[in-house]
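Q: My structure is below; once you've seen it, I'll send some questions.
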Amino acid sequence: MEFAFGKKVFQSEVRRASDLKPVLAFPEALKEDFDAYYMFRDSFKTDEDAEIIRRAGLRYDYTVIPPNNIGGESIKTYGHYHPEVERGLTYPEVYQVLEGKAFFILQKPSNGKIEDVIVVEAKKWDVVIVPSNYGHVTINPTDEDLITANWVCRNFSSIYEPYTQRRGACYYYINGEWVRNRNYEEVPEIRFAKPRNVLEVEGDMYELVYSIEKLEFLVKPQRHLKIFENAFEFI
């Protein structure tokens, strides 16, 4: 799949449904492989924008998740954690829904257990902060394409192994219901939330390239803890 962005054209990385088998609730239900989602990493409209983004140590990505399910489980991303950037804080991330509707399931590990689970429901133009110390999965719960964008630090590699070891996040979204993943010994009840627009974004989040200082929290989270404290409205 190609993606035209400004005057640039980007090729996608493809995650196949078979790639997701280690994190599916019912991997045996996958009978015929298909493209699960498409990732366009390090996107930019102009070379000048690219230089601004790289100088800030950031990356701007797009992800397209067509509607589908496997054994009734809504299609989702694989899930990952981020490494530590400062003592006790991992790299955060910020997403925006550009088309469709998303569930972001965020989970915070501590001493081998999950101490917090947040499900953020987001619609078009909503901006969702993934705070430091949370892993995350994006779910398309609808019959329409889900398109998201994200800003993230470009200088680290995501950590997928904990999701592989536990066969996904600590909850699955199956036939419209949240179902506990029994591969986790103990999990808290889900806290449901809507995102707050703490970055005061109007319209397309890409425009932050022209006020890139607002994204400093992605590389220096210790300076911006209030962003994480005010990221959600719990419902």
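Q: As a quick test, which of the pairs 21/76; 123/194; 21/194; 8/124 have an alpha carbon distance above 18 angstrom in this structure?
A: On the way: 21/76 11 Å; 123/194 9 Å; 21/194 29 Å; 8/124 24 Å.
Violating the 18 Å limit, Cα to Cα: 21/194; 8/124.
Q: Please state the equivalent ellipsoid semi-axes for segment 73-153: what are the square roots of 5 times the Cα gyration tensor eigenvalues, largest first, in whole Å? If you can, show how the numbers build up before the last one.
A: Working: eigenvalues 109, 41, 17 Å².
Gyration-tensor ellipsoid for segment 73-153: 23, 14, 9 Å.
Q: What nm distance separates the two modelled labels at residue 2 and residue 212, each placed 7 Å from Cα along Cα→Cβ?
A: 2.8 nm
Q: Please give the net charge around residue 116, taking every other residue with its beta carbon less than 13 angstrom from that of residue 116, where Lys and Arg add +1 and Asp and Glu add -1. Intermediate values should be presented prior to the final figure.
A: Numbers: positive: 108, 113, 191; negative: 115, 186, 189.
In short, 0.
Q: Also, quick follow-up: Carbon and sulfur together cover what percent of the accessible area of the chain at a 1.4 Å probe radius?
A: On the chain, the fraction of accessible area on carbon and sulfur atoms equals 44 percent.
Q: Per q in 0.13, 0.19, 0.26, 0.27 Å⁻¹, report the Debye log10 I(q)/I(0) for segment 37-112, using one uniform scatterer on each alpha carbon and no solvent.
A: -0.59, -1.07, -1.33, -1.37
Q: Set the Förster distance to 25 Å, then compute FRET efficiency between residue 18 and residue 179 from the Cβ-Cβ distance, nearest 0.05.
A: After rounding, the FRET efficiency stands at 0.70.
Q: Just one of [x] 17.0, 50; [y] 19.2, 69; [z] 17.5, 63 is Rg and Dmax of the Cα atoms in Å as worked out from the coordinates here. Which one is it?
A: Only one listed value fits the structure, namely [x].
Q: Turning to a different aspect of this structure: Report, please, the projected area of segment 157-235 averaged over directions, based on the convex hull of its C-alpha atoms, in nm².
A: Quarter of the Cα hull surface area: 7.9 nm².
Q: Right, something else. Which values of log₁₀ I(q)/I(0), to two decimal places, follow from the Debye formula for segment 70-207 at q = 0.15, 0.17, 0.19, 0.22 Å⁻¹ with a uniform point scatterer at every Cα?
A: Debye intensities relative to I(0), on a log10 scale: -0.74, -0.95, -1.19, -1.53.
Q: If packing is taken as the average count of other Cβ atoms within 10 Å, what order do 114-127, 151-164 fall into, highest mean first?
A: 114-127, 151-164
Q: Taking the Cβ of residue 50 as the centre, find all other residues whose Cβ is under 9 Å away and add up their charges (Lys, Arg: +1; Asp, Glu: -1).
A: Values: positive: 8, 45, 54; negative: 42, 47, 48, 49, 51.
Net charge around residue 50: -2.
The values are calculated or read from the model by the stated rules, or taken from the named source; none is laboratory data. Remember, it's a predicted structure, so these values are computed and weren't measured experimentally. Note that we place each Cβ from the backbone using ideal geometry, even for glycine, and neighbour counts take in every protein chain shown. With ligands, DNA and RNA removed, areas are computed over all heavy atoms of the protein, side chains included. Shrake-Rupley method; radii C 1.70, N 1.55, O 1.52, S 1.80 Å.
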